[in-house]
Amino acid sequence: MIILKSLDEVAKMRVAGSIVADTIDTVLASVGPGVSTTDLDAVAEAFIRERKATPSFKGYRGFPASICASLNDEVVHGIPSPKRILKQGDVLSLDFGAIWDGYHADSAITVFVGEPPTAEAEKLVRVTEEALEAGISQIRPGGRLSDMSHAVQQVVEGAGFSVIREYVGHGIGRNLHEDPQIPNYGLPGRGPELRPGLVVAVEPMVTMGDWRTRVLADDWTVVTADGSLAAHFEHTIAVTEQGREVLTARG
Ligand code: MG
Ligand code: MG
């Protein structure tokens, strides 16, 4: 069941979104060689709590940390660890969520630790962000859900990369994950109509190689089955009367 939010609820999600955006800026300032992913998690949790919000992920289905930190062939859901020390050329995907006054916002970004390791890796990250922007550009009242999916897939496959199929975007609100599911592939013009008050998290996950994945023995970390590099970008977006509002937009 799709839950449409009132303007008051969207206003709360706007606050949650700004907290997430500011958390990302704060954590990115700490990214560098020699820093562990647990260090980044601590920076994020302290910042979210300082803003009187709660990390969405900590304790979610038993997830032990406030952010997901996924390196290189890890796609999503990497668990921060003091043993995961960032090094020059790592591809680092970070995922953030915060709850403010009962409402979630969710956003992810992929960055390099220092310089990109290869031109192809640089292209992967750029294309994944462009795919997210293409998906967002399809959000408007009267549009259809799969218009976003199709736009993402066109950008990704047009660049010679693959869209992860086993994990998808989602509605968001009082729960981190709500209906509808939003695949990053498919034909346009399908699925529910987009209406004001629908709030979605659009999140392309892209690999250089094959789209198939597997989950590591920690039961969380999703890696590409073929070991190829992956990237992930995500925003939380509200459908408005006028079009859309990216609630997790960074300054
Ligand atoms: Mg996320
Ligand atoms: Mg999400």
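Rolling a 1.4 Å probe over the protein heavy atoms gives the chain an accessible area of 41 Å² per residue. Hey, quick one: spin label on Ala225, modelled 7 Å out along Cα-Cβ, who in segment 130-167 has an amide N within reach, i.e. under 15 Å? Only 162-167 fall inside the zone, counting backbone N under 15 Å.
Please list, by residue number, every one of the GluC sites (Glu not before Pro) in segment 108-207 that is coil in DSSP and has at most 11 other beta-carbon atoms within 10 Å. The partial results should precede the final answer.
On the way: sites: Glu120, Glu122, Glu129, Glu130, Glu133, Glu157, Glu166, Glu178, Glu193; in loops: Glu166.
Filter output for segment 108-207: empty list.
The Cβ shell under 11 Å around Asp210 holds other residues with a net charge of +1, Lys and Arg each +1, Asp and Glu each -1.
Would you tally the net charge around Glu9, using a Cβ to Cβ cut-off of less than 11 Å, leaving Glu9 out, and scoring K and R as +1, D and E as -1? Kindly include the intermediate steps, with their values, before the conclusion.
Values: positive: Lys5, Lys12, Arg14, Arg174; negative: Asp8, Asp101.
Here the count lands on +2.
Pop the C-beta distance of Arg165 and Leu187 into the FRET formula with R0 = 25 Å and round what comes out to the nearest 0.05. So the FRET efficiency works out to roughly 0.95.
Look at the dipole of segment 113-251 built from charges on Cβ: of Pro183, Ser228, Val215, the Cα furthest out on the positive end belongs to Pro183.
For the chain, give the magnitude of the charge dipole about the Cα centre (Cβ charges: +1 Lys/Arg, -1 Asp/Glu; no others), in debye to the nearest 20. Can you show the working numbers first?
On the way: 23 positive and 34 negative charges, 90 e Å.
Computed about the Cα centre, the dipole is about 440 debye.
Counting only lysines at least 8 places from Lys58 when in the same chain, those with an alpha carbon closer than 30 Å to its own are Lys5, Lys12, Lys83, Lys87. As a calculated quantity, the FRET efficiency between Lys52 and Asp8 at R0 = 22 Å, using C-beta atoms, amounts to about 0.75.
The values are calculated or read from the model by the stated rules, or taken from the named source; none is laboratory data. If you're wondering where the values come from, they're calculated on a predicted model, not measured in any experiment. Virtual Cβ from ideal backbone geometry, glycine too; neighbours counted across all protein chains shown. Ligands, DNA and RNA are excluded from the accessible area calculation, which covers all protein heavy atoms including side chains. Shrake-Rupley method; radii C 1.70, N 1.55, O 1.52, S 1.80 Å.
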